[in-house]
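The values are calculated or read from the model by the stated rules, or taken from the named source; none is laboratory data. Given the structure is predicted, the values throughout are model-derived calculations rather than measurements. In this analysis, Cβ positions are derived from the backbone assuming ideal geometry, glycine residues included, and neighbour counts consider all displayed protein chains. Keep in mind that these areas ignore ligands, DNA and RNA; they rest on the heavy atoms of the full protein, side chains included. Shrake-Rupley method; radii C 1.70, N 1.55, O 1.52, S 1.80 Å.
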Amino acid sequence: MDAWWHEVWITLQAEFADIGDASQLTRITVRLLIAALLGAILGFEREQKGKAAGVRTHMLVAMGAALFVLVPQMSGAQADAMSRVVQGVIAGIGFLGAGTILKGKDGDDSHVKGLTTAAGLWMTAAIGVAAGMGRESTAVLSTLLALAVFSVMPWIVNRFDKDKEP
């Protein structure tokens with residue numbers, strides 16, 4: 001019976017041996033935490049504005065996108081394989097974003113809601129991909145620019161709209 005338990009133990013060790021050393025563990029942890037943090041920042045802004053996709057949604061999208069590129073990259077995937085993974089993330093997040101878009105009732109084509117939320121989720125996924133690929137500076141810069149779009153642009157648009165009124 002001891003041989004059986006020993007074999008089980010060896011198998012379990014092999015199953016959890018995908019993180020080889022402290023360097024790799026640190027890299028994985030930092031990338032996923034950066035993705036989660038940046039997603040939380042964008043999600044917090046959206047939640048404060050009362051939008052449907054908030055902190056948890058943005059964190060999960062960013063971490064999921066990071067994980068989708070992190071695992072194949074750590075496994076030694078070539079550039080063409082990584083390109084297909086990124087394409088899959090982009091397409092998949094498109095379906096998620098489509099679920100946030102609502103068209104006005106009674107044929108009112110002029111009233112569409114959720115486009116900014118969908119675009120924000122798409123941007124959050126891109127930020128997650130950047131973090132997962134080890135491009136943390138690019139991910140942080142992109143988050144700051146997205147925050148500017150979410151926060152500053154409405155103020156600028158409202159300012160110009162007020163100037164147009166007689």
Within the accessible area of the stretch 1-63, what % is carbon and sulfur when the probe is 1.4 Å and the other protein chains stay in place? 65 percent
Given unit charges at Cβ for Lys, Arg (+) and Asp, Glu (-), the dipole magnitude of the stretch 24-163 about its Cα centre in debye, nearest 20, is 240 debye
Nearest 10 degrees is fine. How inclined is helix 2-15 to the longest principal axis of the chain, computing both from alpha carbons? 30 degrees
Quick one: if the Förster radius is 41 Å, what FRET efficiency do residue 111 and residue 91 give, using the C-beta to C-beta distance and rounding to 0.05? 0.90
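Mind counting lysine pairs for me in the chain? Cα separation below 18 Å, and the two need to be 8 or more apart along the chain or on different chains.
Taking the Cα cut-off of 18 Å, the pair count is 5.
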For peptides 111-118, 23-30, sequence by mean Cβ density within 10 Å, most packed first: 111-118, 23-30
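Is it possible to state the helix-based mean residue ellipticity at 222 nm for the chain, with each DSSP H run of 4+ residues giving -39500 (n - 2.57), the sum divided by total residues, to the nearest 500 deg cm²/dmol? What is it?
-27000 deg cm²/dmol
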Contour minus Cα-Cα span, residue 56 to residue 162, at 0.36 nm per residue, comes to 34.7 nm
Å² of accessible area per residue within the chain, as computed with a 1.4 Å probe and no ligands counted: 67 Å²
Over the alpha carbons of the chain, what is the largest minus smallest coordinate on each principal axis, giving the biggest first in Å? 86, 37, 32
The alpha-carbon center of the stretch 69-102 and that of the stretch 137-156 are separated, in whole Å, by 22 Å
Net length gained if the chain between residue 84 and residue 37 were fully extended (0.36 nm per residue, minus Cα distance): 14.3 nm
